[in-house]
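Colleague: Here you go, one structure.
The values are calculated or read from the model by the stated rules, or taken from the named source; none is laboratory data. Since we're looking at a predicted model, the values are computed, not measured. Glycine gets a Cβ as well: all are built from the backbone with ideal geometry, and neighbour counts include every protein chain shown. Surface areas here come from the heavy atoms of the whole protein model, side chains and all, with no ligands, DNA or RNA. Shrake-Rupley method; radii C 1.70, N 1.55, O 1.52, S 1.80 Å.
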Amino acid sequence: MDSSKKNTAAQILDSLTNDIISGEFSPQQKLHIKTLKDKYNVGTSPLREALSQLIAKDLVVSENQRGFYVSEISIDDLKDIYQARAKIESICIDMAIEHGDDYWEANIIAASHRLNKYSKLKNIDVFEWQNRHSLFHDALVSGCKSPRLLQIRDSLFEKSKRYRNLWLKENVSNAETLKINQNEHAALMILALDRDKKSISKLIENHIMTPVEIIKKSLSQL
């Protein structure tokens, strides 16, 4: 495959991923090849390659003789993903505290400042807030020194994105919820700098599980 075809496959993969995560395609919706070709102006070969990669990401399923469908979402899957994320995040932060140096500490402080400053604005863009939020959590685990664990962490975060979008808008638009979120981020920073493994492990697991109840309510209304 030449580079132009690779770029086309990569572009359709990104576009389809974003559209599924954002909810443009509904859970269990059939993905018709001809419709997708027209929508994304792409050929059959790179489209099928992208769909195969989406199957590996658990965003798409393939049924024999019936084609491709958007993966379903469920409360059981939601809880499983978030519980796994909470445990992995706790392990990564524990190792980061063990191995992190002063550059690790400085990155946490900088990321915390950027997130906190943006959270105080009157008009908050959900995607910008999410970007700063992710960078703060990335900074916390960046001293982990385990590429394998970080790879698992990234995979679980990717799987959680379809659910997170049901929580993000409410979190950012609700002043009280956002304030609680800010306070927890401040506490996480302090505990990381204090190298308090026990306290930060408990807080990070609770912090990651916080959106689950909000998301469950949203799922019940779908």
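Colleague: Using protein chains only and a probe of 1.4 angstrom, how many square angstrom of His133 are accessible, to the nearest 10?
Modeller: His133 exposes around 10 Å² with every protein chain in place.
Colleague: Could I ask something else about it? Counting pairs on different chains as well as pairs 8 or more places apart, how many Lys pairs in region 1-121 have Cα atoms under 28 Å apart?
Modeller: Close lysine pairs found across region 1-121: 19.
Colleague: Helix-only mean residue ellipticity at 222 nm, the chain, DSSP H runs n ≥ 4 weighted -39,500 (n - 2.57), per residue, nearest 500. What is it?
Modeller: -25500 deg cm²/dmol
Colleague: When percent of Cα pairs over 23 Å apart is calculated directly from the model, which label among (1) 54; (2) 48; (3) 63 fits?
Modeller: Of the labelled values, this structure produces (1).
Colleague: For Lys87, Lys34, Lys159, write out the residues from largest to smallest accessible area, computed with a 1.4 angstrom probe and no ligands counted. Let's see the in-between values first.
Modeller: Numbers: Lys87 115, Lys34 140, Lys159 50 Å².
The ranking, largest first, comes out as Lys34, Lys87, Lys159.
Colleague: While we're looking at this one, here's another question. Through the Karplus equation 6.51 cos²θ - 1.76 cosθ + 1.60, θ set to phi - 60°, convert the phi angles of region 73-86 into ³J(HN,Hα) values in whole Hz; use x for Gly and Pro.
Modeller: 10, 8, 5, 5, 5, 3, 5, 5, 4, 5, 5, 5, 4, 4
Colleague: Sequence-distant or interchain residues sharing an amide H contact under 5 Å with Gly143, placed H: which?
Modeller: Amide H neighbours of Gly143, under 5 Å, 5+ apart: none.
Colleague: A follow-up question, please. Treat each spin label as a single point 7 Å out from the Cα along the C-beta direction, and report the Gln65 to Asn174 distance in nm.
Modeller: Going from the Gln65 label point to the Asn174 one covers 4.7 nm.
Colleague: Right, here's the next one. So, with +1 on the Cβ of K and R and -1 on the Cβ of D and E, and no other charges, what is the size of the charge dipole of the chain about its Cα centre, to the nearest 20 debye? Kindly include the intermediate steps, with their values, before the conclusion.
Modeller: Values: 32 positive and 30 negative charges, 87 e Å.
Dipole size: approximately 420 debye.
Colleague: Here's something else I'd like to know. Relative contact order for region 151-222: what percent, with Cα pairs under 8 Å and sequence separation of 6 or more?
Modeller: Details: 21 pairs, mean separation 27.3, N = 72.
Rounded, it is 38 percent for region 151-222.
Colleague: Each residue of region 120-125 in turn: what ³J(HN,Hα) in whole Hz from Karplus with 6.51, -1.76, 1.60 and θ = phi - 60°, glycine and Pro shown as x?
Modeller: The phi angles translate into 8, 6, 6, 10, 10, 7 Hz.
Colleague: Using only alpha carbon pairs under 8 Å that are at least six residues apart, calculate the relative contact order of the chain and give it in whole percent. Walk me through the numbers before you get to the answer.
Modeller: On the way: 219 pairs, mean separation 52.7, N = 222.
Dividing the mean separation by the residue count of the chain yields 24 percent.
Colleague: Tabulate in residue order the Karplus-calculated ³J(HN,Hα) for region 168-179, using 6.51 cos²θ - 1.76 cosθ + 1.60 with θ = phi - 60°, rounded to whole Hz; enter x for Gly and Pro.
Modeller: Result, rounded to whole Hz: 4, 4, 5, 4, 6, 7, 9, 4, 5, 5, 5, 5.
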